[in-house]
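The values are calculated or read from the model by the stated rules, or taken from the named source; none is laboratory data. All values derive from a computational prediction rather than experimental measurement. Every residue, glycine among them, receives a Cβ derived from its backbone with ideal geometry; neighbour counts consider all protein chains shown. Note: accessible area is taken over every heavy atom of the protein model, side chains too, but ligands, DNA and RNA are not part of it. Shrake-Rupley method; radii C 1.70, N 1.55, O 1.52, S 1.80 Å.
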Amino acid sequence: MRGLKTLFNDELQQALVHDRGACVFEGSTGSGKSTLIRERAARLIESGVIPQSILILCANEYCVKETQRLFNYEHPELKAPLITTLDRLCAKLVLGYEKQNGIKSARIYKRMDRFVKKICKDAFGVHLSSERLAKLIDKLIECDAMMLPESEINGKMFDQIDLAYLVKALKKLKKNNEIRDLMDVRSLSLQLLTSKAYSLEACDLRLTHLMLDDAENLSFLDHFLIKQLAADLQSIFFAINRDNTFRFAQGAFPQAYDAFNTTYDNPLWIKAAVDYHTPATIAECMSRLVKKPLNSGNEAADVVAFKALRDKELMMDYLLKNISAEKETALIYRHSSTALLLIDRLLEMAVPFQLHDSMALMLENDTAHELLSIMRLFMNAHDLDAFMDVYEQLDFGLTANQAKQVREIMLVNPQLDVYQAMLECNMRNAQKQKIISSLEAIRMAKDMNAYRLLEFIHEESGYAAYLKRNGLAADIHFYSTMLLLAKRYPKADMLLARLDELKKIHPNASAPLILTSAENAFGQSFDDVYLLDCINTSFPLVGKAHPDYPQEISLFAYLMSRAGNHLELIAYKAAAQVKVRMSDFMYTLCSKEAESEVAEETNKPAARLRRGAKIQHKLFGKGIISNLSEGKITVRFEMESKTLSLSHCIENNMIELIN
């Protein structure tokens, strides 16, 4: 066998050969958990076990594809086992049962965001920002994942939202529209297996061995489900790292492993002590961030680089100049708007790439949809669909009934535009005067270039007032991306046409260059990693006082560990008109370690600094000192000059003199 063969120590060997009963293999990031699962499957197949009786459950679809690819590469002579996700397995069970019994299957939605947002708006008058909506969805999933009865949900509130009412309203909406979400499918699967109403064999699954990768993210409900699946199996194997339970692993309940010894008969628990994947230099940086030692067994040559550029456009230029089209390289971003800029440039340069994300979803989230619909309406006052989407956001003061009147008037008199139709509606004179007073500026907007139109929408239209009144913040990441794209496509219709083109792209599934969100990078490894948007409001999303801040540190460290050879952390100071601040994590990684932070004044190189001296800066690279005065140091770097705090540079070992 290949893979871990040369690295097998006693703990890995023990986990490899365990093929009876339950086993947990707990290891840090890079300890070889995923490789071990592939090797266990290969060993079982080589010993005569039928491949289709071995099931590997992965964290997401991208991990499924990667596991399939690596197994086929490492063991080309063997037929691969079954590899899928828990959601797909549950869907197979539920749909198989419904087909067998002649039951009409409801449509399955991955997310219920837009339905939840609508209920909150209609029932509670609450307009949710993307961040608050995500947290509310987390609460709903937690209720399902913890299998909470209605009596325990009663009285629970999220801001002004009654969770019990919301759960009932969502359940009613699902029933009326014949839809369900992934948690519904898992719950139904558990009911079928528990009641013996359906079985794995009934849907042609005759399993003897089950293995779960990234199993720390299983929910409370999932553990019950897995227990039912494993009831008649010869072995079940969990690979876990309890430090890697992130917010996007919704409903995760790693505490279940505290009761593992009583859940399964005679279980085996193996704990790995060494990280075989992450190179030593990267592991050392991670240690500084998480403030605990990480033991790396990988001494391979590697590079960790830090880049701080003037603006986001320079970041794009730097990436396109430096990324390799030959090596497996991942560009990992926190906000999908960064991917828009990258994809636009890569398509223009005809560089093939994989996309572990959905372009359509990027441009159909609430923020993007609102902004693009307003642009379409301002450019074409006869666009009734755009008007119906955003009449509230433009602060015209229209009720839902008045908006319907506008629609009916325009259908009868198509020569009228939406503004003329509004004035034909039944409304008070004061409301008409408000609309009339805003029309002159709005009608002029159709002649603006794309950049000016975006500024007008963001700063001068009723959209800004709508956001402020509802306590919502504009998405600066998407807005700045749109401004940067507007520089490339100066006419508004050109910009909208380009975005429509981007929705329809077909990435190359086998290209070595991979664009992926932080969430979808989970469970994967790459040769080279460029971690983008290393700015506050991205990494981390929240401030130090926020309870999620420790989780942000863990996520950042985890993403660093995805690199097997080369890692670059990239920050910038501005994106279009938006000023940003370099991530706190970057400062931590570039600072001296805690035990050596207090240095003797005589060891500081301040006295040796002078105009014309050459220095090396940890973030900005090589440069020449052009001025020293009043505690400031001005350095001419390759791409620009920067004025820096001299004390900060010296106290944190940010600079060193070079010959």
Quiz item: Looking only at residues in region 332-385 that are charged (D, E, K, R) and touching a residue at least 24 places away in the same chain (Cβ under 8 Å), which one is nearest to Met316 (Cα to Cα)?
Solution: Arg345
Exercise. Tell me which residues, restricted to region 125-155, are assigned to a loop (DSSP other than H, G, I, E, B) and either touching a Phe, Trp or Tyr at 6+ places or on another chain (Cβ under 8 Å) or open to solvent by 90 Å² or more (accessible area, probe 1.4 Å) (or both).
Key: Met146, Met147
Quiz item: When residues of region 23-56 are filtered for being of a type in the set (S, T, N, Q) and not in a helix (DSSP H, G or I), how many remain?
Solution: 4
Self-check item: Residue satisfying all of: in region 110-124; open to solvent by 60 Å² or more (accessible area, probe 1.4 Å) and not in a helix (DSSP H, G or I); farthest from Leu541 (Cα to Cα) among these
Solution: Lys110
Practice problem: Pull up region 510-519, narrow it to residues that are at pLDDT 90 or above and of a type outside the set (Val, Ile, Thr), then point me to the one that is surrounded by the fewest Cβ atoms within 10 Å (Cβ to Cβ). | Solution: Ala511
Self-check item: Within region 598-619, considering residues that are open to solvent by 50 Å² or more (accessible area, probe 1.4 Å) and closer than 22 Å to Ala571 by Cβ, the one modelled with the highest pLDDT
Solution: Gln616
Exercise. Restrict the check to region 533-542 and report whether at least one residue is under 20 Å from Ile282 (Cα atoms), among the charged types (D, E, K, R) and either modelled with pLDDT under 90 or touching a helix residue (DSSP H, G or I) at 6+ places or on another chain (Cβ under 6 Å) (or both).
Key: yes
Practice problem: Scan region 53-64 residue by residue and report those that are modelled with pLDDT of 95 or more and either polar (S, T, N, Q) or surrounded by fewer than 17 Cβ atoms within 10 Å (Cβ to Cβ) (or both). | Solution: Ser53
Quiz item: Of the residues that sit in region 250-272 and are of a type in the set (A, V, I, L, M) and under 31 Å from the mean Cα position of the chain (by Cα), which one is surrounded by the fewest Cβ atoms within 10 Å (Cβ to Cβ)?
Solution: Ala259
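From the list Val64, Val94, exactly one residue is under 22 Å from Arg186 (Cβ atoms) and in contact with a strand residue (DSSP E or B) (Cβ under 6 Å, 6 or more places away or on another chain). Which is it?
Working: Val94 fails: in contact with a strand residue (DSSP E or B) (Cβ under 6 Å, 6 or more places away or on another chain).
Step by step, each of Val64, Val94 is checked, and only Val64 is under 22 Å from Arg186 (Cβ atoms) and in contact with a strand residue (DSSP E or B) (Cβ under 6 Å, 6 or more places away or on another chain).
Every residue, every condition in (1) open to solvent by 20 Å² or more (accessible area, probe 1.4 Å); (2) more than 15 Å from Gly523 (Cβ to Cβ), yes or no:
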position: Leu16; (1), (2): no, yes
position: Asp19; (1), (2): yes, yes
position: Thr29; (1), (2): no, no
position: Glu66; (1), (2): yes, no
position: Lys79; (1), (2): yes, yes
Exercise. Would you point out the residue of region 189-223, among those that are among the aliphatic types (A, V, I, L, M) and in contact with a strand residue (DSSP E or B) (Cβ under 8 Å, 6 or more places away or on another chain), that is nearest to Ser28 (Cα to Cα)?
Key: Ala215
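Out of curiosity, is Asp222 buried (at least 21 other Cβ atoms within 10 Å of the Cβ) and modelled with pLDDT of 90 or more? Show your work before the answer.
On the way: buried (at least 21 other Cβ atoms within 10 Å of the Cβ): yes; modelled with pLDDT of 90 or more: yes.
Yes; evaluated as a whole, the condition is true for this residue.
Could you please let me know if Glu11 is closer than 26 Å to Phe522 by Cα, in contact with a Lys or Arg (Cβ under 9 Å, 6 or more places away or on another chain) and either modelled with pLDDT of 90 or more or of a type in the set (Lys, Arg) (or both)?
Numbers: closer than 26 Å to Phe522 by Cα: yes; in contact with a Lys or Arg (Cβ under 9 Å, 6 or more places away or on another chain): yes; either modelled with pLDDT of 90 or more or of a type in the set (Lys, Arg) (or both): no.
No, not satisfied.
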Practice problem: Say whether the condition of being open to solvent by 50 Å² or more (accessible area, probe 1.4 Å), touching a Pro at 6+ places or on another chain (Cβ under 9 Å) and over 12 Å from Leu454 (Cα atoms) is met by at least one residue in region 489-509. | Solution: yes
